[in-house]
1. Just the residues that are at pLDDT 75 or above, among the β-branched types (Val, Ile, Thr) and closer than 30 Å to LYS343 by Cβ, please, taken from the stretch 353-403.
2. Check the stretch 277-295 and report whether any residue there is buried (at least 21 other Cβ atoms within 10 Å of the Cβ), part of a helix (DSSP H, G or I), basic (Lys, Arg) and touching a helix residue (DSSP H, G or I) at 6+ places or on another chain (Cβ under 8 Å).
3. Return the residues of the stretch 296-329 that are part of a loop (DSSP other than H, G, I, E, B) and within 16 Å of the chain's Cα centre (by Cα); say none if nothing qualifies.
4. Check GLN266 against each of (1) under 23 Å from VAL163 (Cβ atoms); (2) touching a helix residue (DSSP H, G or I) at 6+ places or on another chain (Cβ under 7 Å) and name the one condition it does not meet.
5. Kindly evaluate PHE128 against the criterion of being part of a helix (DSSP H, G or I) and assigned by TED's automatic domain parsing to the domain that holds VAL275.
6. Counting just the residues of the stretch 249-276 that are in a loop (DSSP other than H, G, I, E, B) and of a type in the set (Gly, Ala, Ser), which one comes out surrounded by the fewest Cβ atoms within 10 Å (Cβ to Cβ)?
7. Among the listed residues TYR69, TYR78, which satisfies the condition of being touching a Lys or Arg at 6+ places or on another chain (Cβ under 9 Å), surrounded by 17 or more Cβ atoms within 10 Å (Cβ to Cβ) and modelled with pLDDT under 95?
8. Name the residue that is nearest to GLU151 (Cα to Cα), counting only residues in the stretch 191-230 that are of a type in the set (S, T, N, Q) and either in a strand (DSSP E or B) or modelled with pLDDT of 95 or more (or both).
Amino acid sequence: MMLIKQMQQASITLLLAILTLSGCQTVPTEAEQAALQAEQERIALNLAIQPDDYAKRCEISHHEFDGSYIATGSVPHYLYSSPLHHSASSVIQKEAARLQYDMWDKLAANMDMPIPNNRRIRYYRKWFIDKPEHIDTVTQRAQPFLFYIYEQVEARDLPIEIVLLPFIESSFDQYAYSSQGASGLWQITRATGKTFGLKYWQGYDGRRDIVASTDAALDLLEYLHKKFKGNWLHAIAAYNTGEGRVRNAIRKNKAAGKPTDFWSLQLPKETRLYVPKLLAMSSIVQHKNHYGLPLNSIAAQPVVTEVVVNRRVKLKTIAKDAKMNSRDLFALNPGYTGGYTVKGRDNKLLLPRNTLPSFYSSNSQRYTKHHFQIHRIKAGDSLNEIAQINNTTVSSLRQLNDLTGSFITAGQQIIVPPK
């Protein structure tokens with residue numbers, strides 16, 4: 001317990017020091033850099049990092065419980081964010097981000113769907129709590145995608161609980177495929193996907209494209225919400241079983257003089273349990289400390305970003321230009337089943353944000369729609385000066401480079417828009 005407190009105090013000290021720097025802060029002097037490095041090394045020693053089992057390999061178990069996938073084993077190795085070989089400074093940055101704000105806390109703070117004291121919700125809440133290995137695997141799988149999906153849901157002003165739908169649909173397995181033909185994180189069928197704009201070509205399946213399928217799933221949910229006159233439980237149930245079944249169930253209850261709320265409808269068993277699973281997981285996220293269920297910490301900050309490729313290019317080429325493993329790139333972009341982007345269209349790919357300097361300083365300019373420049377920080381540079389030289393703003397540089405403050409160091413590479 002004492003060690004944990006020391007870790008937190010040390011990390012908070014470093015975080016506060018970083019956050020107090022002003023917008024025109026210049027690169028620190030050699031003496032200041034030496035002092036900062038010494039402080040980082042001291043904190044790194046106090047962190048007492050232990051070897052973990054993130055490197056373990058596992059194949060996803062596609063056993064089902066009432067229509068949903070069960071995750072077993074440890075996180076798959078393709079999750080590039082797993083802390084396998086981090087330097088001391090990157091560990092400190094992650095710890096500082098974790099203490100600043102955790103993604104689960106961010107979700108909990110913005111959830112507002114009422115959670116009734118319902119036996120089905122209680123059952124699945126206990127089911128999840130009794131399956132910590134399932135929760136552990138799925139939350140680790142969610143790491144690359146959770147903040148991205150949160151941003152898309154928030155931008156549309158939809159209930160934040162929807163961010164957890166892939167948890168219920170696919171256990172955040174982007175390769176999941178059901179016996180009914182649904183595929184991807186959002187478990188969209190081919191026909192439904194086509195209706196909501198997904199494309200299917202040789203070597204490409206839009207249902208497995210994280211960017212495209214997320215857009216389609218949220219479009220579908222918005223459509224259903226409107227059709228069911230603002231009733232989100234009806235809309236979410238219809239996402240699972242279809243608009244027609246929910247509408248018929250409502251019609252039958254009306255004819256029989258019965259209530260038409262979700263809990264009173266006669267729906268297929270899978271759907272009757274689908275909504276309670278989502279609300280049970282939402283309840284756990286909101287009260288994770290109360291239930292004592294550890295959720296893998298995910299920093300509330302972007303992990304991936306979109307890049308637009310408008311030519312036919314091998315994913316292996318893109319991975320090479322980004323200096324990342326091609327399997328990691330495919331894990332973020334599983335819709336490109338043939339290993340190539342599609343000719344004649346804007347292919348929106350996800351890349352780890354920390355690969356962008358390498359990506360944009362490589363040959364990627366030949367096939368990307370938006371071109372950026374790379375600026376290497378020199379002693380005496382400031383974000384304000386760099387912004388003025390490149391006819392942009394400090395806030396744009398911060399957003400483009402995922403900078404929470406204005407602290408920059410000599411030798412660091414940042415992305416700047418073309419002049």
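The values are calculated or read from the model by the stated rules, or taken from the named source; none is laboratory data. Quick caveat, the model's predicted, so the values are computed rather than measured. In this analysis, Cβ positions are derived from the backbone assuming ideal geometry, glycine residues included, and neighbour counts consider all displayed protein chains.
1. THR355 - this is the single residue of the stretch 353-403 that is at pLDDT 75 or above, among the β-branched types (Val, Ile, Thr) and closer than 30 Å to LYS343 by Cβ.
2. Among the residues of the stretch 277-295, at least one is buried (at least 21 other Cβ atoms within 10 Å of the Cβ), part of a helix (DSSP H, G or I), basic (Lys, Arg) and touching a helix residue (DSSP H, G or I) at 6+ places or on another chain (Cβ under 8 Å), which makes the answer yes.
3. Filtering the stretch 296-329 down to residues part of a loop (DSSP other than H, G, I, E, B) leaves 296-298, 300-303, 310-313, 322-325.
ASN296, SER297, ILE298, ALA300, GLN301, PRO302, VAL303, listed by residue number.
4. It fails just one condition, (1).
5. Details: part of a helix (DSSP H, G or I): yes; assigned by TED's automatic domain parsing to the domain that holds VAL275: yes.
Yes.
6. Applying the first criterion (in a loop (DSSP other than H, G, I, E, B)) to the stretch 249-276 yields 256-261, 265-268.
Adding the requirement that they be of a type in the set (Gly, Ala, Ser) leaves 256-257.
On the way: ALA256: 8, GLY257: 6.
It comes out as GLY257.
7. On the way: TYR69 fails: touching a Lys or Arg at 6+ places or on another chain (Cβ under 9 Å).
Going through TYR69, TYR78 in turn, the sole match is TYR78.
8. First, the residues of the stretch 191-230 that are of a type in the set (S, T, N, Q): 192, 195, 202, 213-214.
From what is left, the residues that are either in a strand (DSSP E or B) or modelled with pLDDT of 95 or more (or both) are 192, 195, 213-214.
Details: THR192: 23, THR195: 24, SER213: 15, THR214: 11 Å.
Of everything passing the filter in the stretch 191-230, THR214 is nearest to GLU151 (Cα to Cα).
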